[in-house]
1. Would you calculate the volume per residue, in Å³, of the smallest convex hull containing every Cα atom of the chain?
2. Pairing the Cα long axis of helix 76-86 with the longest principal axis of the chain, what angle in degrees results, from 0 to 90 and rounded to the nearest 10?
3. Subtracting the Cα-Cα distance from 0.36 nm times the residue separation, let me have the gained length for ALA16 to LEU59 in nm, one decimal.
4. To the nearest 20 debye, what is the magnitude of the charge dipole of the chain about its Cα centre, counting +1 on the Cβ of each Lys and Arg and -1 on the Cβ of each Asp and Glu?
5. Have a look at SER61, SER43, SER21 and tell me which one the Gaussian network model of the chain (Cα, springs below 10 Å) gives the largest fluctuation.
6. Determine the shape class of the range 37-86: with a ≥ b ≥ c the square roots of the Cα gyration tensor eigenvalues, call it rounded for a/c under 1.5, and otherwise prolate if a/b is greater than b/c, oblate otherwise.
7. Measure nothing fancy, just the Cα-based angle from helix 42-69's long axis to the longest principal axis of the chain, in degrees from 0 to 90, nearest 10.
8. Determine, for THR70, THR75, the number of other Cβ atoms within 10 Å of each Cβ, and report the residues in order from fewest to most.
Amino acid sequence: MVALPYRMINGMTTRAKIAVSLPAELVRAAKTAVAEGRAPNVSAYIAHAIEEQAKLDDLGSLLNELLEKTGGPLTDIERAEIDRGAGWQ
């Protein structure tokens, strides 16, 4: 079992309480992670998921910015070549 790295984000000292509606299977997954010791609590599990998504969003924005500076988005042919080269196809 691999423990997820739960930590405070640098400078994060306040918390905001919100209400969200989630599919039941995601709630079960979060509660299972807590029960198995992979997360200290459901809030931490969800906060970690949001933090990881924010990183992916930032990476996506950076990729789009770099592509614009170097000739625009990849063509379907370029994507297929990358997929083949990486062994994804």
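1. 188
2. 70
3. Details: separation 43, 0.36 × 43 = 15.48 nm, distance 2.54 nm.
Extending this stretch completely gives an extra 12.9 nm.
4. Working: 10 positive and 12 negative charges, 129 e Å.
The calculation lands at about 620 debye.
5. Fluctuation is largest for SER21.
6. Details: a/c = 5.62, a/b = 2.26, b/c = 2.49.
In terms of gyration-tensor shape, oblate.
7. With both axes taken from Cα atoms, the answer is about 20 degrees.
8. Values: THR70 7, THR75 10.
Lowest count first: THR70, THR75.
Read-outs throughout are calculated quantities, based only on the coordinates presented, and are distinct from any laboratory measurement. Please read all numbers here as calculations on a predicted model, not as lab measurements. Heads up, the Cβs are rebuilt from the backbone with ideal geometry, glycines too, and the neighbour counts pull from every protein chain shown.
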